[in-house]
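Trainee: This is the structure I want to talk about, given as C-alpha cells.
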Amino acid sequence: MTRNAPRSCPVCGGKLALTRLSCPDCETELSGVFESCDFCALDAEDREMLRVFLRSRGNMKELERHLGVSYPTARSRFDRLLARAGIEAEPENGDRIELLEALSRGDIDVGEALNRLD
C-alpha cells in the first residue's frame, strides 16, 4: 500500500525536502536533494479529476459530467484542487456560486439571477 508523502513538517510546518529515492526491485538508494512533484501529494480523487480535466483538454463541461455535479460545483472543486496543488486559483465570490447553483437547479430563473447580481 502506497501513501501520499506529506508536504510539510509535522513539527514546525516547514516545507519538506525530498532527499532519498529507492528502488524496490534492486534496493538501490539515491540520496540528495530532489525536486518534488506538486501533483504527487494530491489524493487519488484529485488526481483522477485532474486526469479527466487534462484528457478533455480543459473542458469544464466534461469535468462536470464526469463528477455528476453542476457546473459551479465542478468549478469550485477544481479550484480547490488547484489550491491543493499549489496553483493559485482566482477567488470566486461564494454568493455568486450559490446563485449559479440555484439557477442550474431551476430554483430561480435567469431574470431573477440577473436581478440578484445587480
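Trainee: For an R0 of 22 angstrom, estimate the FRET efficiency from the Cβ-Cβ distance between Ser56 and Glu101 and round to the nearest 0.05. Mind showing how you got there, number by number?
Mentor: Values: r = 22 Å, r/R0 = 0.98.
The calculated FRET efficiency here is 0.55.
Trainee: Listed highest first by mean packing, meaning other Cβ atoms within 10 Å per residue, what order do 63-72, 6-15 come in?
Mentor: Numbers: 63-72: 16.4, 6-15: 8.6.
Descending packing order for the listed peptides: 63-72, 6-15.
Trainee: Counting alpha carbon pairs within less than 8 Å and at least 6 residues apart, what relative contact order, in whole percent, applies to the chain? Walk me through the numbers before you get to the answer.
Mentor: Working: 92 pairs, mean separation 17.1, N = 118.
For the chain, the relative contact order is 14 percent.
Trainee: Convex hull volume of the Cα atoms in the chain, per residue, in Å³? Mind showing how you got there, number by number?
Mentor: On the way: hull volume 19.8 nm³, N = 118.
Expressed per residue, the convex hull around the Cα atoms of the chain is 167 Å³.
Trainee: May I ask you to derive the FRET efficiency for Ala5 and Ile87 from their Cβ-Cβ distance with R0 = 22 Å, giving the value to the nearest 0.05?
Mentor: Working: r = 18 Å, r/R0 = 0.84.
With R0 = 22 Å, the Cβ-Cβ based efficiency is 0.75.
Trainee: What value, in deg cm²/dmol to 500, does the helix sum -39500 (n - 2.57) over DSSP H runs of n ≥ 4 give at 222 nm once divided by the residues of the chain?
Mentor: Details: 5 runs with 54 residues, N = 118.
The helix contribution divided over the chain gives -14000 deg cm²/dmol.
A short reminder: the numbers here are calculations on the coordinates, not readings from a lab. For clarity, every value in this text was computed on a predicted model and none was experimentally measured. Positions of Cβ are backbone-derived with ideal geometry, glycine not excepted, and every protein chain shown enters the neighbour counts.
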